Amino acid sequence: MYKFILIIFAFILCIISYFLSKKQKALLVVFTEKNQPILKKFSISLLLLAIIGIIIGLFFATKLTSLVFIIIVLCVSAVFSVILSQNIH
């Protein structure tokens, strides 16, 4: 069960990473040109986390590793939100 959920979560991260890196013009309504490097870095970090999530999901899927992975993804998202909010003001 943990494998399935973790792999689905990792694929969702891949989709979000692709959208943030390749479809930035659709996000220009919300973000400015100044924020594009931040979006690019965040998309790369999400892609790396997705790859790690797929590896964990396929080989090391336990309750503890799944929770640690989700906590790491939430921390990366929180850091991104703080950095982005500092640039938007």
#### Entry: Filter result for the condition that a residue is modelled with pLDDT of 90 or more and either touching an Asp or Glu at 6+ places or on another chain (Cβ under 8 Å) or more than 23 Å from LEU6 (Cβ to Cβ) (or both), over VAL68, VAL73, VAL82, VAL29
VAL82
### Task
Taking PHE42 as the residue in question, decide whether it is under 16 Å from LEU13 (Cα atoms), within 15 Å of the chain's Cα centre (by Cα), in a helix (DSSP H, G or I) and modelled with pLDDT of 90 or more.
no
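The values are calculated or read from the model by the stated rules, or taken from the named source; none is laboratory data. As the structure is a prediction and not an experimental result, all values here were calculated from the model. Positions of Cβ are generated from backbone atoms using ideal geometry, with glycine treated the same way; all protein chains shown enter the neighbour counts.
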